[in-house]
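**Student:** Below is one structure. I have some questions about it.
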Amino acid sequence: MSLAVEAVGVRKRYTGKDGDVEAVRGVDLAIPPGQVFGFLGPNGAGKSTMVRMLTTLMTLTAGTARVAGVDVAADPHGVRRKVGVALQEAGLDPRQTGRELLVLQARLFGLSRSDASVRAQELLELVELTDAADRRIKGYSGGMKRRLDLASALVNQPEVLFLDEPTTGLDPASRVTVWDEVRRINDQGTTVFLTTQYLEEADQLCDRLAIIDGGLIVREGSPAALKADLRTRTGLAAEPTLDDVFMDATGRRRDRVAGDVQEV
Amino acid sequence: MKESFVLGNRAIREALRAPDALIPTIFIPLFFLVVNVGQTARIFPSGGTPFLAGQNYAAFQLPSSLLLSASFGSAALYLVEEIEGGYFDKLRATPIPRMAIIAGRLYAELIKTVAIAAVMVLIALPFGIRIESGILGFLVLLVLVALWAVVFSGFMQLIAIKTRSAAATQGASLVFFPLLFLTPNFVPRNLLTRPMEVAATINPVTYIMEAVRSLILYGFDWPVLGLGFLVVVVAGALMLALSVRMINHYD
Ligand SMILES: Nc1ncnc2c1ncn2[C@@H]1O[C@H](COP(=O)(O)OP(=O)(O)OP(=O)(O)O)[C@@H](O)[C@H]1O
Ligand SMILES: [Mg+2]
């Protein structure tokens with residue numbers, strides 16, 4: 001069985017007026033199907049850039065990537081059919097209703113008009129937006145928008161689901177709802193590639209994770225393995241937390257990122 | 001192809017949902033029509049002005065107003081809003097030809113402009129304007145004006161995709177605006193001063209304006225009409241070719 005995500009030597013350089021930024025500097029990934037894979041890193045580490053490349057929204061400067069067994073550069077449509085993506089900034093059309101947006105998205109994935117409305121209804125129930133379904137998105141709260149965005153990433157029943165910081169800005173209850181949802185989607189066989197700022201979230205959800213810093217992968221493994229590794233390397237008396245692993249990997253001082261990591 | 005219509009119908013639905021956004025598109029051009037005609041009609045009495053072919057001066061001015069209303073480029077403003085807001089990426093993540101995103105908006109622009117131009121002509125009719133070329137000519141006129149709207153908003157969409165900025169896109173529409181006025185919009189080309197005549201002759205919009213005007217004042221003047229359509233078709237082909245290139249290289 002082929003890997004759900006396979007990246008070899010992936011690089012991305014942004015060329016802009018004020019100089020070049022090398023956002024991703026040679027990343028290799030091998031994610032087997034069926035996992036929840038966590039992609040962690042401080043702000044500006046290159047997480048979103050990686051997600052955009054793997055979902056065909058952006059070209060690779062160098063390297064190759066295959067998602068659900070399809071090469072992103074050679075067959076982008078093939079990849080698009082098999083993946084779903086909810087980007088960091090929930091990009092929604094404020095003038096449509098939630099239902100219209102989902103129906104449109106489903107139709108663009110080739111569903112007939114009637115199949116699309118059935119699918120939209122299922123997804124609205126799934127993310128608990130049935131009450132707001134026929135209101136304009138303009139009036140949705142931030143959390144409702146995120147949930148709608150998640151639903152729209154699911155219209156095509158993707159093999160691999162990319163979620164770029166799906167819980168940022170959600171209240172604790174909504175966050176737990178999203179976690180449950182991710183687990184449920186994963187139980188049905190979908191591989192989930194999830195970026196997050198919350199280490200607690202990674203610890204709870206992810207089978208494996210990678211920590212990226214400055215465009216390079218600096219740690220990779222299961223949460224337990226990463227903690228055990230840190231413990232043996234540093235000879236800690238107590239079991240380290242994922243925070244400690246993150247801090248150790250990225251060289252960030254605890255007080256600086258404390259706000260990020262201690263929220264639940 | 002099918003996707004273009006699905007996306008186009010959404011754009012039309014949104015336009016219908018915000019009808020107030022269409023008001024300037026109709027009323028600003030009509031305002032110019034009323035003001036321009038009101039100020040100059042006595043210079044151009046229908047009896048003593050051969051180029052009016054027996055109609056009043058408003059008939060001569062109507063094409064400028066129609067083309068003005070077709071040159072708001074609102075499709076591009078919606079598009080750039082979508083780019084800035086991120087919805088454009090959601091559409092790009094679907095397995096549709098990327099050109100469908102642009103083509104959908106162009107299709108909506110076509111339909112919208114046909115409707116708006118028809119309303120404007122219907123508003124003008126009670127003021128003594130006749131379409132000399134008849135019902136068929138009226139339909140040809142709607143098609144030509146709408147095709148111009150497609151071309152204009154298509155070029156504006158190119159700028160939207162290139163700059164990804166609402167401010168820049170809005171600014172660009174002001175750069176294109178002179179094209180509408182470096183035309184024989186007050187008198188026929190042969191009565192313009194020499195520099196204006198040269199400018200108007202170079203300006204492709206002139207030929208569209210003359211074609212629309214010929215339908216209103218003179219009936220079916222095939223060479224003039226043919227030239228008008230040639231201009232929109234050539235400009236349209238150029239716009240589509242550039243659009244395909246640009247959207248497929250959007251990164
Ligand atoms: N369109 C762009 N043009 C130029 N530079 C960019 C662009 N997008 C991102 N970058 C730069 O690339 C680097 C990686 O950005 P990216 O958005 O991938 O980080 P991230 O890990 O997702 O960060 P965050 O946690 O803040 O979302 C940053 O230095 C950023 O400034
Ligand atoms: Mg990011």
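**Student:** A drop of at least 30 square angstrom in accessible area, chain alone versus all protein chains together, probe 1.4 Å. Which residues of the range B:1-45 meet that?
**Tutor:** The answer is B:Lys2, B:Val6, B:Arg13, B:Glu14, B:Arg17.
**Student:** Calculated from DSSP H runs of 4 or more alone, at -39500 (n - 2.57) each and per residue, what is the 222 nm mean residue ellipticity of the protein assembly as shown, nearest 500?
**Tutor:** Value at 222 nm, helices only: -18000 deg cm²/dmol.
**Student:** When the chain is fully extended, how far beyond the present Cα-Cα distance does B:Gln170 get from B:Leu122, taking 0.36 nm per residue of separation? Intermediate results must be reported in sequence, preceding the final value.
**Tutor:** Numbers: separation 48, 0.36 × 48 = 17.28 nm, distance 2.98 nm.
Result: 14.3 nm gained on full extension.
**Student:** Enter the Cα centre distance for the pair the range A:81-159 and the range A:166-230, rounded to the nearest angstrom.
**Tutor:** So the separation of the two Cα centres works out to 23 Å.
**Student:** What do you get for Rg/Rh of the range A:87-161 when both radii come from the Cα atoms and Rh is the Kirkwood radius?
**Tutor:** 0.93
**Student:** Related question: Please list the equivalent ellipsoid semi-axes of the range A:155-243, computed as the square roots of five times the alpha-carbon gyration tensor eigenvalues, in descending order and whole angstrom.
**Tutor:** Here the semi-axes work out to 26, 15, 13 Å.
**Student:** Then there's this: Can you give the average number of partner chain beta-carbon atoms within 10 Å of each beta-carbon in peptide A:47-58, as a whole number?
**Tutor:** Averaged over the peptide's residues, the number is 2.
**Student:** For the protein assembly as shown, what % of the accessible area comes from carbon and sulfur atoms, probe 1.4 Å?
**Tutor:** Roughly 60 percent of what the probe reaches on the protein assembly as shown is carbon or sulfur.
**Student:** Further question on the same structure: Could you calculate, for the range A:5-252, the ratio of the Cα radius of gyration to the Kirkwood radius, expressed as Rg to Rh?
**Tutor:** 0.98
**Student:** Still on this structure, please answer the following. Search the structure for amide H atoms under 5 Å from the amide H of A:Val5, placed 1.01 Å from N in the peptide plane, and list their residues when 5 or more places away or on another chain.
**Tutor:** Excluding prolines and chain starts, which carry no amide H, the hits are A:Ile31, A:Ala68.
**Student:** In the Gaussian network model of chain A, springs joining C-alpha atoms below 10 Å, which of A:Gly34, A:Gly215, A:Gly169 carries the largest mean-square fluctuation?
**Tutor:** Looking only at A:Gly34, A:Gly215, A:Gly169, the biggest GNM fluctuation is shown by A:Gly169.
**Student:** Report the normalised scattering of the range B:1-131 as log10 I(q)/I(0) at q = 0.17, 0.19 Å⁻¹, calculated by the Debye formula with identical scatterers on the alpha carbons.
**Tutor:** -0.87, -1.00
**Student:** Still on this model: Using the charge dipole of the protein assembly as shown (Lys, Arg: +1 at Cβ; Asp, Glu: -1 at Cβ; taken about the Cα centre), state which of A:Ala4, A:Gln105, A:Ala249 has its Cα farthest towards the positive end.
**Tutor:** A:Gln105
**Student:** Report, in debye and to the nearest 20, how large the dipole of the range B:2-248 comes out about its Cα centre when Lys and Arg carry +1 and Asp and Glu carry -1 on their Cβ.
**Tutor:** With only Lys, Arg, Asp and Glu charged at Cβ, the dipole is about 280 debye.
**Student:** Would you mind giving the mean number of other chain beta-carbons within 10 Å of the Cβ of each residue in A:86-93, as a whole number?
**Tutor:** 5
**Student:** Rg/Rh for the protein assembly as shown: what does it come to with C-alpha atoms and Rh from Kirkwood?
**Tutor:** 1.10
**Student:** With +1 on each Lys and Arg Cβ and -1 on each Asp and Glu Cβ, and nothing else charged, work out how big the dipole of the protein assembly as shown is about its Cα centre, in Debye to the nearest 20.
**Tutor:** Using only the charged Cβ atoms, the result is roughly 1400 debye.
**Student:** Quick one: length gained pulling A:Ala224 to A:Asp71 fully straight, 0.36 nm per residue minus the C-alpha distance?
**Tutor:** Difference between extended and current length: 51.9 nm.
**Student:** Could you provide, to the nearest whole Å², the per residue accessible area of chain B with probe 1.4 Å?
**Tutor:** On the way: 10770 Å² over 251 residues.
On a per-residue basis, 43 Å².
**Student:** Under 27 Å Cα to Cα from B:Lys90, which lysines show up? Leave out anything in the same chain fewer than 8 places away.
**Tutor:** A:Lys12, A:Lys17, A:Lys47, A:Lys82, A:Lys138, A:Lys145, B:Lys2, B:Lys112, B:Lys162
**Student:** Would you mind pulling out the separation of the Cα centroids of the range B:182-245 and the range B:1-66, in Å?
**Tutor:** First find each Cα centre; the distance between them is then 16 Å.
**Student:** Among A:Ala224, A:Thr195, B:Ala237, whose Cα projects farthest towards the positive end of the dipole of the protein assembly as shown, with charges put on the beta-carbon of Lys, Arg (+1) and Asp, Glu (-1)?
**Tutor:** Going by the charge dipole, the pick is B:Ala237.
**Student:** Can you give the Kirkwood hydrodynamic radius of the range B:10-78 from its Cα pairs, in Å with one decimal? Spell out each step's value before the answer.
**Tutor:** Numbers: mean 1/r = 0.0728 Å⁻¹.
About 13.7 Å for the range B:10-78.
**Student:** A follow-up question, please. Placing +1 on the Cβ of each Lys and Arg and -1 on the Cβ of each Asp and Glu in chain A, which of A:Ala65, A:Ile212, A:Ile31 has its Cα farthest towards the positive end of the resulting dipole?
**Tutor:** Most positive-ward Cα: A:Ala65.
**Student:** Given a 1.4 Å probe, how much area per residue of the range A:1-89 is accessible, in Å²?
**Tutor:** For the range A:1-89, the solvent-accessible area averages 43 Å² per residue.
**Student:** Please give the helix A:113-126 orientation as an angle from the longest Cα principal axis of chain A, in degrees from 0 to 90, rounded to the nearest 10.
**Tutor:** That works out to roughly 50 degrees.
**Student:** Moving on to the next point. Using only Cα atoms, what is the ratio of the radius of gyration of chain B to 2.2 N^0.38 Å?
**Tutor:** Numbers: Rg = 18.6 Å, N = 251, 2.2 N^0.38 = 18.0 Å.
Here the answer is 1.04, to two decimals.
**Student:** Given a 1.4 Å probe, show me the residues in the range B:89-105 buried by at least 40 Å² of accessible surface when comparing the whole protein assembly to the chain alone.
**Tutor:** Output list: B:Asp89, B:Lys90, B:Arg92, B:Ala93, B:Thr94, B:Pro95, B:Arg98.
**Student:** Moving on. Ranked from highest to lowest mean number of other Cβ atoms within 10 Å per residue, what is the order of the peptides B:132-138, B:47-53?
**Tutor:** B:132-138, B:47-53
**Student:** Note down the magnitude of the dipole of the range A:5-252 about its Cα centre, charges +1 on Lys and Arg C-beta and -1 on Asp and Glu C-beta and zero elsewhere, to the nearest 20 debye.
**Tutor:** Dipole about the Cα centre, nearest 20: 740 debye.
**Student:** I'd like the orientation of helix B:134-163 relative to chain B: the angle between its Cα long axis and the longest Cα principal axis, in ° from 0 to 90, rounded to 10.
**Tutor:** 40
**Student:** A further question follows. Could you pull the accessible area for A:Lys12 with a 1.4 Å probe, rounded to 10 Å²?
**Tutor:** That residue has around 10 Å² of solvent-accessible surface.
**Student:** Spelling out what I want: for every residue of the range B:60-72, take phi, set θ = phi - 60°, compute 6.51 cos²θ - 1.76 cosθ + 1.60 (Karplus), and round to whole Hz; glycine and proline get x.
**Tutor:** 3J(HN,Hα) across the range B:60-72, in whole Hz: 5, 7, 3, x, 4, 5, 5, 5, 4, 5, 8, 10, 8.
**Student:** If one takes the longest principal axis of the Cα atoms in chain A, at what angle in degrees, from 0 to 90 and to the nearest 10, does the Cα axis of helix A:142-152 lie?
**Tutor:** Helix A:142-152 sits roughly 80 degrees off the main axis of chain A.
**Student:** On to the next question. Given a 1.4 Å probe and no ligands, DNA or RNA in the count, how much accessible surface is buried by A and B, both sides, to the nearest 100 Å²?
**Tutor:** Result for this pair: about 2500 Å² buried.
The values are calculated or read from the model by the stated rules, or taken from the named source; none is laboratory data. This is a predicted model, so every value here is computed, not measured. Please note: Cβ atoms are built from the backbone with ideal geometry, for glycine as well, and neighbour counts cover all protein chains shown. With ligands, DNA and RNA removed, areas are computed over all heavy atoms of the protein, side chains included. Shrake-Rupley method; radii C 1.70, N 1.55, O 1.52, S 1.80 Å.
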